[in-house]
Every structure is written in structure tokens, then in C-alpha cells.
Amino acid sequence: MISRIVKKWTRSLLACCALLALPLVLTGCLSHWFLESETRLQLENATEDYSILSLDVVSLDGTAYSSWISETVLPGERSRVEEGDWIGEFKIRVKYTESKDASGDTLMDYRVLDFEGGSMYLQVTAKKGKLEYNFR
């Protein structure tokens, strides 16, 4: 008698677990829940007097690059979200001008940043004439 009750409860419990797990299985590859294979990046220009022209990933020796965000981002604006296969530590180049309307000489700032994968939001600020980068 007790074994029948245990079997019924076990079957009911397994059926409930299967129904609850079904939406999780249908949402895509389970590995993407744990391992990101690309980074979605949005850039915010939080400066007051600089216009950002682009963000590129650069080779260590600086001779080759790949554009990641190639749009002008004026002060107070945000770029579109761009996807890239960039996970890990990379040297980046930000092209910018010291103007609110993207006019003037093009300047370049090089940094090494760590991209963790998934969705990332990079805020660029300026202090004492230098660009600073913070992930939010």
C-alpha cells in the first residue's frame, strides 16, 4: 500500500518537474546560460566636450584593427548595441575629437579592456583632459 502511494507521488513529482523544465529547455542552447561566446556592447559618451568617432579592437603592435562601433557618438548620446566575438582582454582604440559637433582634428586613445561576454555598457567620461572608461 505504501509503495503504491510513494510511486504515485514520485510520478506526480517527476511530471511536475518536467513541465516546469520545459520552458527552460526551449529557450536555446544551455551552454549560452553559462558560457558567453560574444559580447554585445553599447557605448555612452558621458563627456561634455568630446565627440567619439569610433571604437576599434587593435592588434598588439597597432598595425591592424577591426571596427566594433563605427558611428559618431556626440556628448550625452549612446551608440547602437553592436555584437562582436570579443571575450577576454583586448587593446582598443577610441577615435575622438575635442568638440561637441565632431569637427576638428581626430585624436586616438588606446587602452586595454577586459570584455566578459554578454551585454556590456561602456561609459566614457573625461577628467583633466583624459578619457576614462567604466563598465556599468
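The values are calculated or read from the model by the stated rules, or taken from the named source; none is laboratory data. Note that the structure is a prediction, hence the values are computed from the model and not measured. Glycine also receives a Cβ, built like all others from the backbone with ideal geometry; neighbour counts cover every protein chain displayed. Areas reflect the complete protein model, heavy atoms only, side chains present, ligands, DNA and RNA absent. Shrake-Rupley method; radii C 1.70, N 1.55, O 1.52, S 1.80 Å.
Quickly run through the range 51-70 and pick out the residues that are in contact (Cβ under 8 Å) with a residue 40 or more places away in the chain, more than 16 Å from LEU113 (Cβ to Cβ) and open to solvent by 30 Å² or more (accessible area, probe 1.4 Å). Once the filter is applied, which keeps residues that are in contact (Cβ under 8 Å) with a residue 40 or more places away in the chain, more than 16 Å from LEU113 (Cβ to Cβ) and open to solvent by 30 Å² or more (accessible area, probe 1.4 Å), the range 51-70 yields only LEU53. Note on the range 31-125: enclosed strands (runs of 3 or more DSSP E) holding 1 or more residues that are within 12 Å of the chain's Cα centre (by Cα) and not small (Gly, Ala, Ser) are 39-45, 65-69, 82-84, 107-115.
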